[in-house]
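Q: This is the structure I want to talk about, given as structure tokens.
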């Protein structure tokens, strides 16, 4: 049976072709250290507690950034992944023109100068999801 749960078509875009083919053809398990070495996971933790501590630290660090910058970065990375470099450059230029928030940049610079954590406004809720 050929894998068909949605992961299979995505793997050739995130792992080396040779590794994907070996795993597909043999059905062997991908060990954690090998997944990290191939870039499939960012880090391998010693145990569950270390994992939770580690990911919560990353989540906190992301949460301290401008919500618009994080959201925009996610949108740009997703777009760039699926398009040419030229299309990605055009798209991000358009995004920056329409979505840039000088107040977020000013707050980031001011907070750094004052040696404090920046305080950013939340994004407005998506009314379609409310």
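Q: If I ask for residues that are more than 23 Å from residue 13 (Cβ to Cβ) and surrounded by 14 or more Cβ atoms within 10 Å (Cβ to Cβ), which ones from segment 61-107 would you list? Give the derivation first.
A: Within segment 61-107, the subset more than 23 Å from residue 13 (Cβ to Cβ) is 61-69, 93-94, 96-107.
Across segment 61-107, the qualifying residues are 65, 66, 67, 68, 69, 101, 104, 107.
Q: Pick out, from segment 2-90, the helices (runs of 4 or more DSSP H) lying fully within it that include 1 or more residues that are farther than 30 Å from residue 108 by Cα and touching a residue at least 12 places away in the same chain (Cβ under 8 Å). Spell out the reasoning first.
A: Details: elements: 11-14, 17-26, 32-37, 48-63, 67-81.
Because the criterion is at least 1 residues that are farther than 30 Å from residue 108 by Cα and touching a residue at least 12 places away in the same chain (Cβ under 8 Å), the helices (runs of 4 or more DSSP H) in segment 2-90 that meet it are 11-14, 17-26, 32-37.
Q: If you don't mind, there's one more thing I want to ask. If residue 3 passes every condition in (1) in the same structural domain as residue 101 (by TED's automatic domain parsing); (2) modelled with pLDDT under 90 but one, which one does it miss?
A: (1)
Q: Oh, and also: Taking into account only those residues within segment 91-123 that are part of a loop (DSSP other than H, G, I, E, B) and over 19 Å from residue 62 (Cβ atoms), which is modelled with the lowest pLDDT? Spell out the reasoning first.
A: The initial filter retains those residues of segment 91-123 that are part of a loop (DSSP other than H, G, I, E, B), namely 100-101, 115-123.
From what is left, the residues that are over 19 Å from residue 62 (Cβ atoms) are 100, 115.
On the way: 100: 77, 115: 94.
The qualifying residue modelled with the lowest pLDDT is 100.
Q: Of everything in segment 8-42, what is at positive phi and within 16 Å of the chain's Cα centre (by Cα)? Give them in sequence order.
A: Applying the first criterion (at positive phi) to segment 8-42 yields 27, 39.
Passing the criteria: only 39.
The values are calculated or read from the model by the stated rules, or taken from the named source; none is laboratory data. Predicted, not measured: the structure shown is a model, and the values here were computed from it. Every residue, glycine among them, receives a Cβ derived from its backbone with ideal geometry; neighbour counts consider all protein chains shown.
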